[in-house]
Amino acid sequence: MLDGGGPLRTHGDRRTLIDRHPLCAEEIDDEVDQAGSRSHRARHGNRGLRRLGLRKHAARESEGPGHKPGLSLSPFPTFVQIILLGSGAGGGVPQWNCGCTNCRAARAQGRGRTQSSVAVSADGERWVLLNASPDLRVQLATHAPLWPAAVRESRVRAVVLTDGEIDHTLGLMLLREGTSRLPVYTPNGVAELLAGPWPLARVLEPYSGIDLRRLPARRAATLHDADGKSLDLSCTAVALARRPPRYAAAAVGDDFEIGLRIQDPATGGVFAYVPVAAAVDDDVRALAAGADLLCFDGTFWSDDELHGLSVEAPRAREMGHVPLGGPDGSLRRLPGIGAKRVVLVHINNTNPILRPESTERAQLTAAGVEIGEDGMHFTL
Ligand code: MLT
Ligand code: MN
Ligand code: ZN
């Protein structure tokens, strides 16, 4: 596992920062449709304990029938943990049918990038997936914190989808052996895709099934597990590019793609996750303002990157991805966006930034923007 640099900063002024933030100024609400009761006390009452490294948690199956729930000294860090499970765009690196320079190099070196997904946890024990990639099986097998602690158990307690694209949703199919209905948080538009043109919800129903929970727009909502217990993370969703996936090109809606602002109310750690963005606009700036970490769309360097390989290929902007390079590119805007650290994710196999000797990589380095790698681990 590649270490992303450890703790990002001290936690001194965090509450002030969050309370002032336009997207998070109001009290975190619990309006997301979810099973079970509110757990305000669990989220706020334990703050002092968590700072001391103590956490009240229910017994896990692995702790055996004799175990009594209660306070325990947790060996895990109490700050937000983030694992970059997959840093590649749809197709990954190498892509199965691609013989471009980067894919050839990846094959020759026996290394590559799995498809876009992130795991986040407030306690290092109960994890939320941000997008579920077709490579989820190997991603879950690679990272010990995500391994089951009992014969039938999952550390994945919920999933949040930023869009309905195949590379961000197909992994739900791989979780069908679950023993309870998996909470899947999405904006309205994506929930409708999964109930209709991309019928994941129906197909998974005879298996463990998914519990589609709507994320409110632009308001912090606490994430909960299948039993309605708080996962101690709040999530604010903001609609971004407003483009339906190719399989539902005629669909009408304004929230087919969202950016996320995930925060731990106890520590104030803020993670902005924007793997797909058509622009660096005011909405993206609001998501990123004051964040400890921003993971941003690094799909393409130039608008005609795919077009250069094949005349039929769409342009980056037609696909809803702002390219990094050029006067209108994202790279000029990311360093000043207000996030303490900016890491690119969802990087397409054609992107020249993947070549360490490229001038494009040098521009990235000069801008202080990092390239995401599979297995990067962040603590906020
Ligand atoms: C995208 O990010 O634009 C989509 O995932 C592309 C695709 O896989 O068709
Ligand atoms: Mn994609
Ligand atoms: Zn390629």
Could you list, in sequence order, the residues of region 102-127 that are open to solvent by 20 Å² or more (accessible area, probe 1.4 Å) and touching a Leu at 6+ places or on another chain (Cβ under 9 Å)? A105, R113, T114, Q115, R126
List the residue pairs whose Cβ atoms are under 6 Å apart, where the first residue sits in region 85-112 and is among the β-branched types (V, I, T) and within 16 Å of ligand 2 (Cβ to nearest atom), the second is open to solvent by less than 80 Å² (accessible area, probe 1.4 Å) and assigned to a loop (DSSP other than H, G, I, E, B), and the two are 6 or more positions apart or on different chains. V93/G112; V93/N349
Scanning region 218-272 for residues that are open to solvent by less than 30 Å² (accessible area, probe 1.4 Å) and hydroxyl-bearing (S, T, Y) gives T222, S230, S234, T236, T267
If you scan region 338-359, which residues turn out to be in a loop (DSSP other than H, G, I, E, B), within 27 Å of A313 (Cα to Cα) and in contact (Cβ under 8 Å) with a residue 24 or more places away in the chain? H346, N348, N349, T350, N351, R355
Scan region 82-93 and give yes if some residue there is of a type outside the set (G, A, S), buried (at least 19 other Cβ atoms within 10 Å of the Cβ), over 22 Å from Y185 (Cβ atoms) and modelled with pLDDT of 95 or more, otherwise no. yes
What residue, of G338, G325, is assigned by TED's automatic domain parsing to the domain that holds G92 and over 24 Å from Q263 (Cα atoms)? G325
Applying the selection to region 289-325, what residues are more than 15 Å from ligand 1 (Cβ to nearest atom), touching a Lys or Arg at 6+ places or on another chain (Cβ under 6 Å) and not acidic (D, E)? L293
From the list P197, P148, which residue is more than 15 Å from the chain's Cα centre (by Cα), away from ligand 2 (no atom under 16 Å from the Cβ), open to solvent by 10 Å² or more (accessible area, probe 1.4 Å) and touching a residue at least 40 places away in the same chain (Cβ under 8 Å)? P197
Examine region 111-120 for a residue that is modelled with pLDDT of 95 or more, closer than 29 Å to P352 by Cβ, hydroxyl-bearing (S, T, Y) and in contact with a His (Cβ under 7 Å, 6 or more places away or on another chain), and state whether such a residue exists. yes
Being open to solvent by less than 10 Å² (accessible area, probe 1.4 Å), without any contact (Cβ under 8 Å) to a residue 40 or more places away in the chain, within 15 Å of ligand 2 (Cβ to nearest atom) and within 26 Å of H224 (Cα to Cα) narrows L130, L161 down to just L161
Condition met for L172 (within 19 Å of P206 (Cβ to Cβ), touching a residue at least 12 places away in the same chain (Cβ under 8 Å), touching a strand residue (DSSP E or B) at 6+ places or on another chain (Cβ under 8 Å) and surrounded by 21 or more Cβ atoms within 10 Å (Cβ to Cβ)): yes
In region 354-380, anything hydrophobic (A, V, I, L, M, F, W, C) and crowded, with 24+ Cβ neighbours inside 10 Å is listed as L354, F378, L380
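The values are calculated or read from the model by the stated rules, or taken from the named source; none is laboratory data. This is a predicted model, so every value here is computed, not measured. Please note: Cβ atoms are built from the backbone with ideal geometry, for glycine as well, and neighbour counts cover all protein chains shown. All accessible areas refer to the heavy atoms of the entire protein, side chains included, with ligands and DNA or RNA removed. Shrake-Rupley method; radii C 1.70, N 1.55, O 1.52, S 1.80 Å.
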